[in-house]
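The values are calculated or read from the model by the stated rules, or taken from the named source; none is laboratory data. Fair warning: this is a prediction, and the values are worked out from it, not measured in the lab. Cβ coordinates were reconstructed from backbone atoms using ideal geometry, including for glycine residues, and neighbour counts include every protein chain displayed. These area figures cover heavy atoms from the full protein model, side chains too; ligands, DNA and RNA do not enter into them. Shrake-Rupley method; radii C 1.70, N 1.55, O 1.52, S 1.80 Å.
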Amino acid sequence: MTQRTQTIVPRVLHAPGLVLRPLEETDEPAVAEALRDAEILRWATGSAVARAPEAERARTWLRPRIAGWANGTAFFAVTDGADGTLLGSVGVREVNRLPDQAVVTYWVAARARGRGVAARALDAASRWAFAAREDGGLALHRLSLDHALVNPASCRVATRAGFRLEGTMRDFYVDTAGRRYDSHLHARLATDLGEEAGTRRPAASGA
Ligand SMILES: CC(C)(COP(=O)(O)OP(=O)(O)OC[C@H]1O[C@@H](n2cnc3c(N)ncnc32)[C@H](O)[C@@H]1OP(=O)(O)O)[C@@H](O)C(=O)NCCC(=O)NCCS
């Protein structure tokens, strides 16, 4: 299989009411606060972070994500477009591990939920990942994500951001306590964008 892991040029992206920018070391206090949320630790950080002592979690999560742009991983801080507050994160990882594909992931701080932040950020990151290289994008064709069936908010986020449901993966996700969960596989293709034009897009307000 062709291995096309690459350095990704860090970008700033815009979505309605949001600015997505590369994560920085100065995000550590806001990330530390967000990672106190059990749902983020359960579904969105990986077990190494979830098992780390609380005082080290943010650094453990941040470091590889700041450095990741050099090896095919693009993690953004999702910030409030008005005041720059960190609201969450969206990541595009495993870029070109399979040709022209990547996997996306996201979380929103508990205090910032309920206003469609994740769907808007995911839509913006996806459009960038699909955009042509000459337009500053990654020229990818397929983005996928998975979420446990018992996480319906993530299912709504995926669907609202144009990631169609492709099926159920039995016992796919194993949480930090070793419990297994059936998960949905969702994906969005670059070629879906044309079909989506004119259909309902992620909510443009709310930030
Ligand atoms: C999933 C998550 C990112 C969504 O945050 P958000 O962008 O603030 O999402 P919102 O609260 O605006 O809700 C998004 C949608 O889910 C729905 N929703 C929220 N909580 C829900 C619940 N408990 N059950 C069913 N639907 C729910 C909302 O009604 C909304 O639906 P709509 O798009 O039809 O209006 C956030 O809950 C989170 O960070 N969870 C922990 C980490 C995580 O699960 N990440 C994803 C890993 S796959």
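Among the residues of region 69-79, just one is within 16 Å of residue 117 (Cβ to Cβ) and either open to solvent by 30 Å² or more (accessible area, probe 1.4 Å) or not hydrophobic (A, V, I, L, M, F, W, C) (or both), namely 79. For region 188-202, a residue qualifies if it is of a type in the set (A, V, I, L, M, F, W, C) and either modelled with pLDDT under 65 or not in a strand (DSSP E or B) (or both), and the qualifying residues are 190, 193, 197.
Listed here are the residues, each with its yes/no results for (1) modelled with pLDDT of 95 or more; (2) within 16 Å of the ligand (Cβ to nearest atom); (3) touching a Cys at 6+ places or on another chain (Cβ under 6 Å).
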{"residue": "117", "(1), (2), (3)": "yes, yes, no"}
{"residue": "137", "(1), (2), (3)": "yes, no, no"}
{"residue": "151", "(1), (2), (3)": "yes, yes, no"}
{"residue": "163", "(1), (2), (3)": "yes, yes, no"}
{"residue": "168", "(1), (2), (3)": "yes, yes, no"}
{"residue": "175", "(1), (2), (3)": "no, yes, no"}
{"residue": "186", "(1), (2), (3)": "yes, yes, no"}
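Taken as a whole, the structure leaves residue 59 outside the set of residues that are in contact with a Ser or Thr (Cβ under 8 Å, 6 or more places away or on another chain) and more than 17 Å from residue 111 (Cα to Cα). Condition check for residue 70 on (1) farther than 20 Å from residue 43 by Cβ; (2) of a type outside the set (D, E, K, R); (3) near the ligand (Cβ under 9 Å from one of its atoms): one failure, at (3).
For residue 55, the requirement of being crowded, with 16+ Cβ neighbours inside 10 Å, over 30 Å from residue 139 (Cβ atoms) and away from the ligand (no atom under 12 Å from the Cβ) is not met.
If you check residue 82 against the conditions, is it away from the ligand (no atom under 14 Å from the Cβ) and open to solvent by 10 Å² or more (accessible area, probe 1.4 Å)?
yes
Evaluated against (1) over 12 Å from the mean Cα position of the chain (by Cα); (2) touching a residue at least 40 places away in the same chain (Cβ under 8 Å); (3) within 12 Å of the ligand (Cβ to nearest atom), residue 44 falls short on exactly one condition, (1).
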